[in-house]
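I am attaching a structure below and will ask some questions about it afterwards.
The values are calculated or read from the model by the stated rules, or taken from the named source; none is laboratory data. Computed from a predicted model, the values in this text were never measured in an experiment. FYI the Cβ positions are ideal-geometry reconstructions off the backbone, even for glycines, and counts take in every protein chain you see.
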Amino acid sequence: MRTLHVIIAGGGTGGHIFPAVAIGHALQRLQPGAKLLFVGANGKMEMEKVPQEGFEIVGLDIVGFNRSHLLKNLSLPFKLLKSIFKAKSILKQFQPDVVVGVGGYASFPMLNAAQAQGIPTVIQEQNSYAGKSNKMLGKNASAICVAYDRMNRFFPQDKILLSGNPVRKTIAFSVLTREQGISFFNLDPAKVTVLIVGGSLGAKSINEAIDLHLQELASEDIQILWQTGKPYYQQAVAAAANHSDVQVHEFIRDIDQAYAAADVVISRAGALAIAELCIAAKPVIFVPYPFAAEDHQTSNALALVEHNAAMLVKDSDAKAELIPKLKSLLRDKELQELMSKNLKAMAIKDADERIATKIIELANTRRNA
């Protein structure tokens, strides 16, 4: 019997790329010798990041709908058709047993072409509110791996697998202590640490709220780890120049150390951030990015708020409400403990292997049919 052949399609952001790579590594662990091919969008970050993880990737000439420059969308139907033809060619050459879509531009044409040929497809839906493409693909998918309850609002119940979202192994199985995290960043172990993250590029509303109230926060006798992203970095460095308890980072590469050091977190509400924070189990205030498709970050955050596992501040209210809410949380130790407990209950550490196991099962069923 030939080795397992799987195509994993999608990307565009780290939130799509990381789960794709995690699933790929899990397939290699569970099925040594498996042949994997990644499919991304030309010009997007997966074309660089996926090969760095040791995987082969091919690109489609596909782009998304441009809401800012509508005239640029004139070529969109042609690019979609071209991508579907390319997807068919990839299927013919690689002969996959299963095709997996993780979201992003390349996911739709690849899964659409596979479904047309009767090849089993798996959707990895990371958010609590499914996007339009995945809802369309879900009707003919073999399995839909989700991270939230009540996803039968969007998909057939009998196809849903509650798998969780794959996170980095360094976070999923971290044994770092608070003391180690504090030491790593040269922080004061006697002070409460607030970690502020807004995604890899930062979050303008969060950064502006922190900047505006930095003097007020300094009077709270806390220390701050502030990941600003590149656009706000220099401004934040200048703002924090007279505050010795504020560390400004453009990007925190060792985020597992930062989670270990943190007592309270302020964060965007992307699916990957939420999966990591459930495992880290640190009390969190989410400021969802309001322009994400279908406002899915707000939906993601509300799924935790409903379980008393997080707090939420609207992006538009961040300047006025974020710091008062943070100060209130810092003073409420009982609420912090409740949130940590509820976050931990929602954590799934082996999402990558749950999804990989389902892929292997579908492949075996197809071969034995």
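Output the residue which, of all residues in region 99-118 that are in contact with a strand residue (DSSP E or B) (Cβ under 9 Å, 6 or more places away or on another chain) and of a type in the set (Gly, Ala, Ser), is surrounded by the fewest Cβ atoms within 10 Å (Cβ to Cβ).
In this case the residue turns out to be ALA113.
Go through region 71-94 and give me each residue that's at pLDDT below 95 and of a type in the set (S, T, N, Q).
ASN73, SER75, SER83
Separate question: List the number of the failed condition for SER219; all other conditions in (1) surrounded by fewer than 17 Cβ atoms within 10 Å (Cβ to Cβ); (2) at pLDDT 95 or above hold.
Only one criterion in (1) surrounded by fewer than 17 Cβ atoms within 10 Å (Cβ to Cβ); (2) at pLDDT 95 or above is unmet by SER219, namely (2).
Related question: Output the residues belonging to region 231-260 that are free of Cβ contacts under 8 Å to residues at least 24 places away in the same chain and among the hydrophobic types (A, V, I, L, M, F, W, C).
VAL237, ALA238, ALA241, VAL248
Just one of SER205, SER142 is buried (at least 19 other Cβ atoms within 10 Å of the Cβ) and under 30 Å from LYS88 (Cβ atoms); which is it? Break it down into steps so the answer makes sense when it comes.
On the way: SER205 fails: under 30 Å from LYS88 (Cβ atoms).
It is SER142.
Return yes or no: is LYS159 touching a Phe, Trp or Tyr at 6+ places or on another chain (Cβ under 9 Å), of a type outside the set (A, V, I, L, M, F, W, C) and either modelled with pLDDT of 95 or more or within 27 Å of LYS92 (Cβ to Cβ) (or both)?
Values: touching a Phe, Trp or Tyr at 6+ places or on another chain (Cβ under 9 Å): no; of a type outside the set (A, V, I, L, M, F, W, C): yes; either modelled with pLDDT of 95 or more or within 27 Å of LYS92 (Cβ to Cβ) (or both): yes.
Judged against the criteria, LYS159 is not a match.
Has region 319-331 got any residue that is in contact with a helix residue (DSSP H, G or I) (Cβ under 6 Å, 6 or more places away or on another chain), under 30 Å from LYS132 (Cα atoms) and touching a residue at least 12 places away in the same chain (Cβ under 8 Å)?
no
Further, regarding this structure: Inspect region 237-247 for any residue being assigned by TED's automatic domain parsing to the domain that holds VAL194, under 24 Å from SER316 (Cβ atoms) and surrounded by fewer than 17 Cβ atoms within 10 Å (Cβ to Cβ) and give the result as yes or no.
There is no residue in region 237-247 that is assigned by TED's automatic domain parsing to the domain that holds VAL194, under 24 Å from SER316 (Cβ atoms) and surrounded by fewer than 17 Cβ atoms within 10 Å (Cβ to Cβ).
Let me ask something additional. Exactly one of these conditions fails for VAL167: (1) surrounded by 16 or more Cβ atoms within 10 Å (Cβ to Cβ); (2) touching a Ser or Thr at 6+ places or on another chain (Cβ under 9 Å). Give me its number.
Among (1) surrounded by 16 or more Cβ atoms within 10 Å (Cβ to Cβ); (2) touching a Ser or Thr at 6+ places or on another chain (Cβ under 9 Å), the lone unmet condition for VAL167 is (2).
Here is a further query. Being among the hydrophobic types (A, V, I, L, M, F, W, C) and at pLDDT 95 or above is the filter here; which residues of region 1-19 pass it?
LEU4, VAL6, ILE7, ILE8, ALA9
Moving to a separate point now. So which residues in region 215-230 are free of Cβ contacts under 8 Å to residues at least 40 places away in the same chain and either under 17 Å from SER267 (Cα atoms) or not assigned by TED's automatic domain parsing to the domain that holds ILE266 (or both)?
Taking region 215-230 as the starting set, the residues that turn out to be free of Cβ contacts under 8 Å to residues at least 40 places away in the same chain are 215, 218-219, 221, 223-224, 226-230.
Correct list: GLN223, ILE224, TRP226, GLN227, THR228, GLY229, LYS230.
If you check GLU321, GLU276, which single one turns out to be among the charged types (D, E, K, R) and more than 30 Å from PRO32 (Cα to Cα)?
After applying the criteria, what remains is GLU321.
For ASP295, which of the numbered conditions (1) modelled with pLDDT of 95 or more; (2) touching a Pro at 6+ places or on another chain (Cβ under 9 Å); (3) of a type in the set (D, E, K, R) fails to hold?
(1)
When you look at ASN308, is it out of contact with any Asp or Glu (no Cβ under 6 Å at 6 or more places or on another chain), on the phi > 0 side of the Ramachandran plot and not assigned by TED's automatic domain parsing to the domain that holds LEU162, yes or no? Full working, then the answer.
On the way: out of contact with any Asp or Glu (no Cβ under 6 Å at 6 or more places or on another chain): yes; on the phi > 0 side of the Ramachandran plot: yes; not assigned by TED's automatic domain parsing to the domain that holds LEU162: yes.
Here the answer is yes, as ASN308 does meet what is asked.
Output the number of residues of region 172-185 satisfying the condition of being among the hydroxyl-bearing types (Ser, Thr, Tyr) and outside any loop (DSSP other than H, G, I, E, B).
1
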